[in-house]
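Remarks on the structure that follows.
Since every read-out is calculated from the coordinates, none of them should be taken as a lab result. The shown structure was predicted, so the numbers you read here are calculated from the model rather than taken from an experiment. Quick reminder, even Gly has a Cβ in these numbers, built from the backbone with ideal geometry, and neighbours come from all protein chains shown.
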Amino acid sequence: MTTDAISTDVIIVGAGPVGLFAVFELGLNDMKCHLVDILDKPGGQCAELYPEKPIYDIPGLPIVTGQELVDALMKQIEPFTPVFHLNQMAESLTKTDEGKWRLTTDAGTILEATVVVIAAGGGSFVPKKPPIKGIEEYEAKSVFYSVRRMETFRDSHIVISGGGDSALDWTLNLQPLAAKLTLIHRRDEFRAAPDSVNKMRELVAAGKVDLKIGQIVNLNGAGGQIESVAVKGDDGETHTIACDALLPFYGLTMKLGPVANFGINLHQNLIPVDTEKFESDVKTIFAIGDINSYPGKLKLILSGFHETALMAQQAFRYVHPDRKLRFQYTTSSSDLQTKLGV
Amino acid sequence: MKLLVTDLEGVEHSIEAMANWTVMEIIRDGDLPMRAECGGSCACATCHVYIAQEWVNRLPSMEEEERGTLDGGFEIEPNSRLSCQLIMTPDLDGLKVTLTNDSSN
């Protein structure tokens, strides 16, 4: 183990509902977990895509919203003190000399464990990129999908496109330090916090923000430095707007990402597993939830929960090879109840 | 019932359409590329399709939620719809749609 690596029993890639419940099943069997997720919060799709949508097919919960389910799972796994590494993408997976897995994230976090559980759902959430020809050559130079340092944009002419909370929040935050800020949205209605929309409208009325209704159809510039965007207005006319930075905010999409390079067998971007242990073709690497495939697979949260319980049995044999696996019920086992703190 | 789907290469496919299924589900069942990341809950815009002009006014009009979710899509046109919000009925037999970069790239 290197000095800066964190050692644990199980690394879980993905903190969606299934990754979270895996903490519970592994915890009951005396395994400690660290979770890695690219989002800034636990919950995966439930928290990011449909926090307020009701789910009706979670056993025992006639109706629960995505966020309520995540909150309940977080409460349920509290006794096992999972450690979260959020805002990070699991980037590489290698074997150490001691035969442990070493997982490195794009933020430089290094985790080492006996078992890896891939619970990555549909993949990593990454910003949606406008399908504009040649946009790649500007990315990270003058086209940005997130703001790391606001100072980067001081005295710039910024174009922000999009109509949701991110577009509005960054319009409000960057306007005071920008030389000029233009907000482009395809319609004159915004699905964002009403307070942000009101503040943006005030800035537009005061002449401090330009609001342009339309869609960006082309970028102009050279050497990665954007000089203008072409916007097709709702009048059908194309207008050119000079700028030196473009920030598109259209929400997130899912990409499998580096998991594809972990050395695990993939089939159509899914990880084939057996239905006894939910293990991949690589021993000690498991796949549970939407990312796995097997005959009869259904992409349901409840199926993922079932998979965690069986996975945890085999994971125990790897993490505690000297111990005998004991099957117990939380209703009757004082041992399990002690672990749960009840 | 048939649904006519033009893919990104411009090839038209005639696929079997089931009543009460969403257009998104029918396209996916027909083995054409359909991302539909949120699974049909009108949350992601990755089932965005274009409706053939002659069909635009024959569809139920858009709810505010669909209009808002389309903000997360690209290359939005007046005939843009989210296919997860379109339910197939006998009077839509022969509906023509075209896949988009959002749905299928």
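Annotations
- Candidate cross-link partners of A:Lys75 among the lysines, defined by an alpha-carbon separation under 25 Å and a same-chain spacing of 8 or more, comprise A:Lys32, A:Lys41, A:Lys53, A:Lys299, A:Lys339.
- Karplus-derived HN-Hα couplings along the stretch B:29-37 (A = 6.51, B = -1.76, C = 1.60, θ = phi - 60°), whole Hz, x at Gly and Pro: 5, x, 6, 9, x, 8, 6, 5, 4
- Residue-count net charge about A:Ser92 - beta-carbon cut-off 12 Å; Lys, Arg +1, Asp, Glu -1: 0
- Euclidean distance of C-alpha centroids, the stretch A:182-247 and the stretch A:120-179, integer Å: 12
- Cα point-scatterer Debye curve for chain A, base-10 log of I(q)/I(0) at q = 0.09 Å⁻¹: -0.59
- Value of relative contact order over chain A, rounded to a whole percent, pairs C-alpha under 8 Å and six or more apart: 19
- Stretch in chain A that is longest and holds no GluC sites (Glu not before Pro) that DSSP places in a loop and that have at most 15 other beta carbons within 10 Å: A:99-188
- Take chain A and mark each of the chymotrypsin sites (Phe, Trp or Tyr not before Pro) that is in a DSSP loop with at most 10 other Cβ atoms within 10 Å; the longest unmarked stretch, sites excluded, is A:57-326.
- Taking the DSSP beta bridges with both ends in the stretch A:129-250, the antiparallel portion is around 45 percent.
- The stretch B:2-104 - share of DSSP beta bridges that are antiparallel (%, nearest 5): 75
- Gain in span if fully extended, A:Ala107 to A:Asn218, counting 0.36 nm per residue against the direct Cα distance: 36.7 nm
- Sparsely packed trypsin sites (Lys or Arg not before Pro) within the stretch A:67-146, loop by DSSP, other Cβ within 10 Å at most 15: A:Lys133, A:Lys141
- Chain A: angle of helix A:165-174 to the longest principal axis, Cα-based, in degrees nearest 10: 60
- Across the stretch A:90-129, the residues whose backbone nitrogen lies under 15 Å from the label position 7 Å along the beta-carbon direction of A:Arg148 are A:106-109.
- Helix A:301-319 axis, angle to chain A major axis (alpha carbon atoms, nearest 10°): 50
- Magnitude of the charge dipole, chain A, Cβ model with Lys/Arg +1 and Asp/Glu -1, debye to 20: 160
- Sites matching trypsin sites (Lys or Arg not before Pro) across the stretch B:1-76 that sit in DSSP coil, with at most 11 neighbouring C-beta atoms within 10 Å: B:Arg58
- The stretch B:2-104, relative contact order in percent, only Cα pairs under 8 angstrom and at least six apart counted: 42
- Counting only DSSP beta bridges with both residues in the protein assembly as shown, the antiparallel share comes to about 55 percent.
- Within the shell defined by Cβ-Cβ distances under 13 Å, the residues around A:Glu52 carry a net charge of -2, with Lys and Arg each +1 and Asp and Glu each -1.
- In plain terms, the bigger the Kirkwood radius, the slower the diffusion; for the stretch A:129-250, with that radius from Cα pairs, at 37 °C and 0.692 mPa s, Stokes-Einstein puts D at 231 µm²/s.
- Counted by Cβ distance under 12 Å from A:Gly223, the other residues give a net charge of -1, where Lys and Arg count +1 and Asp and Glu count -1.
- Taking the longest Cα principal axis of chain A as reference, the axis of helix A:194-205 is set at about 20 degrees.
- Residue separation of A:His320 and A:Gln337 scaled by 0.36 nm, minus their Cα-Cα distance, works out to 4.1 nm of gained length.
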